[in-house]
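Quick notes on the structure that follows.
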Amino acid sequence: QKEVEQNSGPLSVPEGAIASLNCTYSDRGSQSFFWYRQYSGKSPELIMFIYSNGDKEDGRFTAQLNKASQYVSLLIRDSQPSDSATYLCAVNEGSQGNLIFGKGTKLSVKP
Amino acid sequence: DTAVSQTPKYLVTQMGNDKSIKCEQNLGHDTMYWYKQDSKKFLKIMFSYNNKELIINETVPNRFSPKSPDKAHLNLHINSLELGDSAVYFCASSPSRRDTQYFGPGTRLTVL
């Protein structure tokens, strides 16, 4: 059974701090990795994707990938209350290419 | 312009009924998906459909059947609804099977 693991949280950080969200995956054949944000009652929306080992930055967001350790992370700098949401890690399953989602980490940014 | 749309947004029905949820995408994508998000917010793929190839998640009961009249539409038909079918169902699409997926707004199904 291919799995994606995330801490469910809630992760609480003060406004302006760095939020660090982590994810591990079991399928070594995975090639594509995604972070989605889901506000309560809304649909998942893409934050970032990463395909290569290392860091990828987009504004306040940085995705980090380590395929050897089967580990993906998302850093949110200068966290804002509007960042409060559930963050879903998704990994492209190697054989069929379907996305396997983690159960999500709930982030709360306190003003 | 809504990229991925679903109807209805809410669906309340009795056990044993048959219902359908419709999905349309105007992104020109080749691949469409149905996901189920349960009360614990776990998002799990049910089906993917790419160029008339259907990939079924083996855990999905055969009461669920996807129907794709064309590349832009993927509907979900559910027979003999059960209480455990209550969830939010999301449609998604992507350019190809390994690309970024874009989600519709979801359909909240409540089975009484």
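In the protein assembly as shown, taking the dipole from charged Cβ atoms about the Cα centre, the farthest positive-side position among B:S39, A:V91, A:Q38 is held by B:S39.
Here the average projected area of the convex hull drawn through the C-alpha atoms of chain A stands at 6.6 nm².
Geometric descriptor of chain B, per residue, is 95 Å³ (volume of the convex hull of the Cα atoms).
Spin-label pair A:Q31-A:A68: with each label point 7 Å from Cα along the Cα-Cβ axis, the two points sit 2.2 nm from one another.
Per residue of B:95-105, other chain Cβ atoms within 10 Å of the residue Cβ number 5 on average. In order along region A:40-46, the phi-based Karplus estimate (6.51 cos²θ - 1.76 cosθ + 1.60, θ = phi - 60°) of 3J(HN,Hα) comes to 4, x, 10, 8, x, 10, 5 Hz; Gly and Pro are listed as x. FRET efficiency for the B:D38 to A:A17 pair, using the beta carbon distance and R₀ = 35 Å, is estimated at 0.65. The listed peptides A:25-38, A:62-75, ordered by packing as a protection proxy, come out as A:25-38, A:62-75 (highest mean of other Cβ atoms within 10 Å first). Charging the Cβ of each Asp and Glu at -1 and of each Lys and Arg at +1, and nothing else, the dipole of chain B about its Cα centre rounds to 180 debye. Start at zero, step by 5 Å, and the Cα-Cα distances of region B:1-54 spread as 4, 13, 18, 26, 22, 11, 4, 0 percent across the bins. Taking B:N79, B:N62, B:N26 in turn, the Gaussian network model of chain B (Cα-Cα springs below 10 Å) assigns the largest fluctuation to B:N62. Counting only Cα atoms, the size of region B:64-112 along its three principal axes is 37, 20, 16 Å, in decreasing order. Would you mind telling me the share, in percent, of accessible area of the protein assembly as shown contributed by carbon and sulfur at probe 1.4 angstrom? The C+S portion of the solvent-accessible surface of the protein assembly as shown is 49 percent. Once the 1.4 Å probe is applied to the protein heavy atoms, region B:49-90 comes out at 55 Å² accessible per residue. Close amide H contacts of A:L11 (hydrogens built in the peptide plane, cut-off under 5 Å, sequence separation of 5 or more or a different chain): A:K106, A:L107, A:S108. With a cut-off of 19 Å on the backbone N, the residues of region B:35-77 near the modelled label site 7 Å out from B:D18 along Cα-Cβ are B:61-69, B:74-77.
For the protein assembly as shown, a crude dipole built from +1 on the beta carbon of Lys and Arg and -1 on the beta carbon of Asp and Glu, taken about the Cα centre, is about 300 debye to the nearest 20. Across all Cα pairs in the protein assembly as shown, the calculated P(r) in 10 Å bins from zero up to the longest distance comes to 8, 33, 35, 19, 5, 0 percent per bin.
Chains B and A together bury roughly 1700 Å² of accessible area, counting both sides, with a 1.4 Å probe on protein heavy atoms only.
Buried on complex formation within region A:95-111 (loss of at least 20 square angstrom of accessible surface versus the isolated chain, 1.4 Å probe, ligands and nucleic acids ignored): A:Q96, A:G97, A:N98, A:L99, A:F101, A:K103. Considering only A:Q70, B:L76, A:V13, the residue lying farthest towards the positive end of the dipole of the protein assembly as shown is B:L76, judged by Cα position with unit charges set on Cβ.
Burial annotation for region B:13-49: residues with an accessible-area loss of at least 40 Å² between the isolated chain and the complete set of protein chains, computed on heavy atoms with a 1.4 Å probe, are B:F42, B:L43, B:I45.
Quantify how strongly other chains surround peptide A:14-22 by giving the mean number of their Cβ atoms within 10 Å of each of its Cβ atoms.
What the average comes to for A:14-22 is 0.
The values are calculated or read from the model by the stated rules, or taken from the named source; none is laboratory data. Please read these numbers as outputs of a predicted model, since none were measured by experiment. Neighbour counts are summed over all protein chains in view; Cβ atoms, including those assigned to glycine, are modelled from backbone coordinates with ideal geometry. With ligands, DNA and RNA removed, areas are computed over all heavy atoms of the protein, side chains included. Shrake-Rupley method; radii C 1.70, N 1.55, O 1.52, S 1.80 Å.
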